[in-house]
Structures are given as C-alpha cells and as structure tokens.
Amino acid sequence: MSNDSPYSSSPTAADAPTNPVRQVIAAQGTIIGPWVLTKDPGTVAVLAATAVDFLVFDCQHGPHDLATVGPLLRAAAAQGKPTLLRVPSADSWIIMRALDLGAAGVIVPMVSSAAEAESARAATRYPPLGERSYGPLQPAPGDVFDPQDGPMIFVMIENASGLDAVREIAAIDGIDGLFIGPVDLALGIGAMDDGDLRGALASPLLAEATAAIAAAASASGKLLAGAVFSPDHARGMAGAGMRLHVLGTDAGWLTTAAAELVRLGDELR
C-alpha cells in the first residue's frame, strides 16, 4: 500500500469506529451470524434480538431483492443488530442502492480481478475517495466521510480467476476483507465435479485455495470472512484466520433448535 493512502492497512484501525460491524469485530475478534431467508420483519426482529453478532441478507441466491429488503434491514436495526447485504452482482448502482437502504456493508459476489474489486470499492465511498452518489434513504452506517470507517465491503473469492488475482485484489486500499465462497470456489477449481459438498470441503485443492486466500488477506491486513457449513468447518476456517463466519441460515438454525426440542420431548415421554 502507498504511504499516502487515506486508508489504514488494518480493518479496525479507526480509533473509535462507528460502523456497527467494525465495532463488534473490534470488541470480539471473531463474529458469527446467519444468512437470513425469512421475509417477515417480525421474525427478523426476533432473530436480531438473539446473541448473533450480525445478520446477512442474501440478494444473490436468497429470496430478497433491493425493492423489498429495506423493512427487514430496519427491523434488525431497531434491535441494534448490524446487517450486511450480499448484492446480486458487482454493478456499482446495486452496491450504492444497498448502502442507501442502510446496510452496514456489502458482500460482493464473483469478483474476478483487481479492476472489478476497485470498481466495487469505489461504489462504497463518496468523492474524492470513490464514486458513490449521495442519496441515503436511511441513516448511513459509520462515518461515511472517514476512509477508515463507513460502509464495509467484502469481495467474494469464488472462482479460478479471482483466486489467480487474489493478491492484487487484497492489496486494494479500502477493501475490508476477502470472503471465501467455498462451494463456487470448489466448483471453479475442479474440487467438486460430482455434487459432493462434504467431499469438496475436505478436498486438498480447496484447502490449498483457502490457504492462498488467507495468506493474501493476512499480507494486506484484510479480514478473512466466509460461508461455513458446520461447527467443524467453522473451527477449521478459524484456524486459517477467518474472523467473520456466516454459519448456515435462519431456517437451518430453526430446524436445529426444533430437533433439539423433539429430542427433549422423546426423553420426557
């Protein structure tokens, strides 16, 4: 990084970050939250009131879109819970719109080059730091005019091109973190050609790719984030340096809790 960069090399370098995700990372080091699939604000409020550290609304593969997700973000905010939004693409207007709706940050999918990552980053910052147009519909998360605070941006490394360019992507000032999308990454590097997710997660090819992404993040002082699919997977990723874990979905968490209650019912009968 250049010495005259307005950005710090540390993702939590601001003396007192006001972005709520930065705050919880600074306070706890490693944080966990779910993909949110529900479209009901009341259910989001209940989930936000639990001990999860953040919520992620998925506008790429999930049921949400930018026209309808706003009330859900506000339901989480009412409970003091920070939110991230996985946008459907790296298009600048989509990133700007997501931030205007009040998300504390964005997760940008299928980033394949440093140029794509820089374009996405620029969409998160107002001039002269970027190209974001001013028009927030909700209070902006963090100090949007502070280069070390404001909205967060995680770029997903989930294809062979992105993996090849991972060091150049990680070196971009203003990118907060690299987000591993293990399923698409496994598909992209040939580690899952038979649909076996469990086998792919244990693949040496995926382990090598994960290590390369982790090394790039560490070398550039960026956060390592990603989707994890089980407690053991999360533990392994924590060992690789991952600090932001998106662990399952709200529906999966409900299913797990229901199964525990059924087991208790069987015990009591």
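The values are calculated or read from the model by the stated rules, or taken from the named source; none is laboratory data. This is a predicted model, so every value here is computed, not measured. With ideal geometry, Cβ positions are generated from the backbone for all residues, glycine too; neighbour counts draw on all protein chains shown. In case anyone asks, the SASA skips ligands and DNA or RNA and just uses the protein heavy atoms, side chains included. Shrake-Rupley method; radii C 1.70, N 1.55, O 1.52, S 1.80 Å.
Just to check your reading of the model, which residue among Asp91, Asp176 is within 25 Å of Ala67 (Cα to Cα), of a type outside the set (Gly, Ala, Ser) and at pLDDT 95 or above? Break it down stepwise before answering.
Values: Asp176 fails: within 25 Å of Ala67 (Cα to Cα).
The match here is Asp91.
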From the options Gly177, Gly130, Gly181, Gly162, residue that is in contact (Cβ under 8 Å) with a residue 40 or more places away in the chain and more than 30 Å from Ala209 (Cα to Cα): Gly130
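Take the residues of the stretch 80-136 that are basic (Lys, Arg) and closer than 24 Å to Ile25 by Cβ: which is farthest from the chain's Cα centre (by Cα)?
Arg132
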Hey, Leu261 within 26 Å of Ala115 (Cβ to Cβ), in a helix (DSSP H, G or I), open to solvent by 20 Å² or more (accessible area, probe 1.4 Å) and among the hydrophobic types (A, V, I, L, M, F, W, C) or not: no
Being surrounded by fewer than 21 Cβ atoms within 10 Å (Cβ to Cβ) and over 21 Å from Gln23 (Cα atoms) is the filter here; which residues of the stretch 75-89 pass it? Pro88, Ser89
Confirm whether Ile95 is assigned to a helix (DSSP H, G or I) and either closer than 25 Å to Pro231 by Cβ or open to solvent by less than 30 Å² (accessible area, probe 1.4 Å) (or both). yes
Here are some residues: Leu84, Leu73. Which one is under 15 Å from Met152 (Cβ atoms) and part of a helix (DSSP H, G or I)? Leu73
Which pairs turn up if I take residues in the stretch 36-54 that are in a helix (DSSP H, G or I) and look for partners that are of a type in the set (Lys, Arg) with beta carbon separation below 8 Å, at least 6 apart in sequence or on another chain? Pro41/Arg74; Ala48/Lys81
When the residues of the stretch 30-61 are narrowed to those that are open to solvent by less than 20 Å² (accessible area, probe 1.4 Å) and among the small types (Gly, Ala, Ser), which ends up nearest to Arg86 (Cα to Cα)? Gly33
Going through (1) farther than 27 Å from Leu247 by Cβ; (2) without any contact (Cβ under 8 Å) to a residue 24 or more places away in the chain one by one, Met192 fails only at (1)
Of all residues in the stretch 181-229, which are in contact with a helix residue (DSSP H, G or I) (Cβ under 7 Å, 6 or more places away or on another chain) and of a type in the set (Ser, Thr, Tyr)? Ser203, Ser220
Matching entry among Ala234, Ala238 (being in a helix (DSSP H, G or I), open to solvent by less than 20 Å² (accessible area, probe 1.4 Å), in contact with a strand residue (DSSP E or B) (Cβ under 8 Å, 6 or more places away or on another chain) and touching a residue at least 40 places away in the same chain (Cβ under 8 Å)): Ala234
